[in-house]
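To start, the structure itself, in structure tokens.
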Amino acid sequence: MTRRSTAAILAMGAVVPLAAGLGWWALRAEKTAALAAATRAAPARAAAATLARWEPGSRRTYRFDYDAAGDFIMGKDAAGDRGAFSMSIGGTLTATVVDERDGRRDVEIAIAPEALKSSGIQLSIPPAQLEQEIARPFLVTYSPRGTIEAVAFRGATAAQAGLFLRELASYLQVTVEPAESWTSVELEPAGECLVLNRRLDDGRIRKEKQRFVRVVRSGELVEPDRTDGVPRFTRSGATYQVDAAGRILAAEVDHATIASVEAVHATARGQAHATFTALSSIFDPELARRGAIASLPVRPLTTGPADGEAPGAAEALPSPGELVDAIRVAGTKEDWAALHEAQFKLTRSVSQDASSLRGLTGPDVDPSVLWAIGAAGTPEAQAALADIALDDDRPLETRKQAIDAFHSVPDATQESMTALQTIAEESGDLRENALLAMGGLANRMRGSDPGGANESVDAIVEMYGQAVSDEERLQILDALGNTGSERALPVLETALASPSLPVVVAAVKNLRLITSPRADELLAALLAPGMAPAIRDAAIFAVGFRKLPPLAEVLDRIARSDPSATMRGATLEVLATFLRRDRATDARPIIGWMASHDPDAELRRHAEEALQGT
């Protein structure tokens with residue numbers, strides 16, 4: 001894997017905590033005979049007497065099984081960089097309530113891990129040490145509603161161990177309401193998720209993650225529309241059996257996500273499946289240790305600083321030079337956890353002290369360092385990237401990497417936008433990189449500086465009028481699509497009438513984020529059966545980024561009568577996305593019709609699975 005690939009993957013935001021720690025995880029644990037036997041052996045009568053207790057001194061022990069796998073690919077074609085990961089671990093988990101105040105509970109969690117197996121994952125510490133750190137008890141604070149508010153580790157904790165413990169704890173959280181169904185926003189290491197909860201006929205609770213409402217970027221939670229690489233759930237379901245107090249008796253978790261960053265042609269996929277079963281439950285007041293959590297450094301459930309480090313303590317950071325060395329060593333070893341941790345610390349260093357930039361941007365600057373500088377987002381950090389991008393004496397690849405690093409900038413300065421515009425207008429070799437970065441930044445600027453965002457969109461629009469080749473037009477259309485601005489719509493609509501099919505296809509795809517009802521009208525017309533297959537494919541791709549109501553009629557028509565099984569299948573996938581991501585219940589009848597009537601047996605099966613999965 002190249003350093004460029006590493007930097008791009010780390011920029012994929014909410015996927016980063018998974019990739020950096022243990023890979024994109026696919027948990028496929030099966031209920032083994034040993035688990036079933038242990039469950040049958042649990043002292044049912046003794047447990048029944050204490051199930052409803054959730055007070056200091058109550059303790060429950062679970063058997064858990066956890067396996068993982070996932071993959072990523074970077075590049076425009078099958079020859080791009082790619083990788084795969086897998087991991088498995090099982091054991092027992094003991095949860096003890098050690099404190100209670102105002103409905104909040106501090107729960108000490110202790111794990112006794114069994115053999116850890118991994119493939120394609122570069123561990124930052126030896127496996128035996130990782131198992132030791134996982135086995136060290138840690139504390140979780142639960143809100144009165146049963147969701148996790150914070151974690152606290154005892155002493156320094158390696159990044160991979162801390163991430164694993166956060167992930168496992170997030171699977172155990174459950175919000176218990178008296179209603180038949182309700183929504184909640186819950187934390188996980190990658191950010192905050194909107195969750196749909198419903199009570200099943202047998203009393204169990206079914207939770208489905210709908211979408212991220214905020215994602216982690218450089219240790220901060222940001223809105224999804226302000227960043228790239230936000231994962232979407234292609235499958236999500238967790239079923240919990242709980243007692244009267246909301247403590248878990250058994251749980252099965254199953255999630256799958258996909259995330260992509262178009263600017264660097266990166267896609268990552270992951271799945272997750274884990275099982276937990278209560279083995280025993282006791283109550284002993286001597287187990288309580290009131291106030292134990294107060295003496296430990298409290299951390300958010302989301303990933304951030306190294307867990308052995310006091311939050312916000314600038315004096316605890318290594319020097320910038322040491323961090324650069326750590327990034328290079330980690331990149332050489334393909335130790336993504338260590339690389340991500342060093343990047344995060346470097347971002348903090350640059351954010352806290354502009355003088356940290358000195359010496360970071362030498363002639364052999366690493367692209368991962370550039371992404372860390374961009375994530376700091378300060379005017380000085382952005383100026384440093386712009387200086388590299390504008391420096392004709394720098395290697396072309398380094399200048400491109402500096403421009404690409406603007407994709408990690410949370411909010412651009414006007415000076416940055418001016419620099420990117422200058423590059424786009426004057427340098428053919430750097431035009432595409434500058435345009436894509438400019439478009440993405442204009443999108444994120446709409447909330448903080450709408451006037452500046454509009455000026456940037458107008459500048460890109462003007463460039464389209466001056467373009468002299470289809471190659472230039474394609475680059476500019478992609479940039480306009482990234483802006484999401486309705487000010488880009490006239491150009492996109494004009495491009496739809498181009499005699500060049502590639503230009504038309506690019507215009508169709510780039511309608512996906514445009515904030516105008518007119519974009520929905522255009523996409524509906526472009527889905528007509530008489531359109532070229534490439535145009536219809538591009539239109540259904542763009543539709544997946546939008547909302548269902550304006551497009552429900554045309555999607556229903558395709559689902560019921562389109563002669564192309566490929567188009568009906570793509571429509572089914574989009575409808576399932578609307579149902580899962582947006583809870584658009586209007587998609588359910590259309591999917592239901594396909595499940596019963598589609599002439600293709602495979603599509604009928606997929607439609608039924610889509611209904612069952614939601």
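List of remarks:
- Qualifying aspartates and glutamates (Cα of each under 12 Å from Cα of Lys117; at least 8 residues distant if same chain): Asp67, Glu131
- For region 381-456: relative contact order, % (alpha-carbon pairs under 8 angstrom, 6 or more apart): 28
- Summarising the amide proton neighbourhood of Ser58: residues at separation of 5 or more, or on other chains, whose placed amide H is nearer than 5 Å comprise Val97, Asp284.
- Cβ-to-Cβ counts within 10 Å put Leu390, Leu360, Leu420 in ascending order as Leu390, Leu360, Leu420, the fewest first.
- Taking 29 Å as the limit for the C-alpha separation, the pairs Lys207/Lys547; Lys209/Lys547; Lys333/Lys509; Lys207/Lys345 exceed it in the case of Lys333/Lys509; Lys207/Lys345.
- Counted by Cβ distance under 12 Å from Leu480, the other residues give a net charge of -1, where Lys and Arg count +1 and Asp and Glu count -1.
- Cα centroids of region 369-421 and region 268-282: 43 Å apart.
- Cα centroid separation, region 524-544 to region 154-210: 37 Å.
- 3J(HN,Hα) couplings calculated from phi for region 522-532 with the Karplus curve 6.51 cos²θ - 1.76 cosθ + 1.60 (θ = phi - 60°) are, in sequence order, 5, 5, 4, 5, 6, 8, 4, x, x, 6, 4 Hz; Gly and Pro show x.
- For region 516-614, the Cα gyration tensor yields ellipsoid semi-axes of 20, 16, 10 Å (square root of five times each eigenvalue, largest first, whole Å).
- Each listed q (0.13, 0.17, 0.18 Å⁻¹) maps to a log10 I(q)/I(0) for region 347-450, found by the Debye formula over equal Cα scatterers with no solvent: -0.39, -0.68, -0.77.
- Across region 516-614, C-alpha contacts under 8 Å between residues 6 or more apart give a mean separation that, scaled by the residue count, equals a relative contact order of 21 percent.
Quick note: the coordinates plus some simple rules give every number you see, no bench work behind them. What you see is a predicted model, and the numbers here were worked out from it, not measured in a lab. Heads up, the Cβs are rebuilt from the backbone with ideal geometry, glycines too, and the neighbour counts pull from every protein chain shown.
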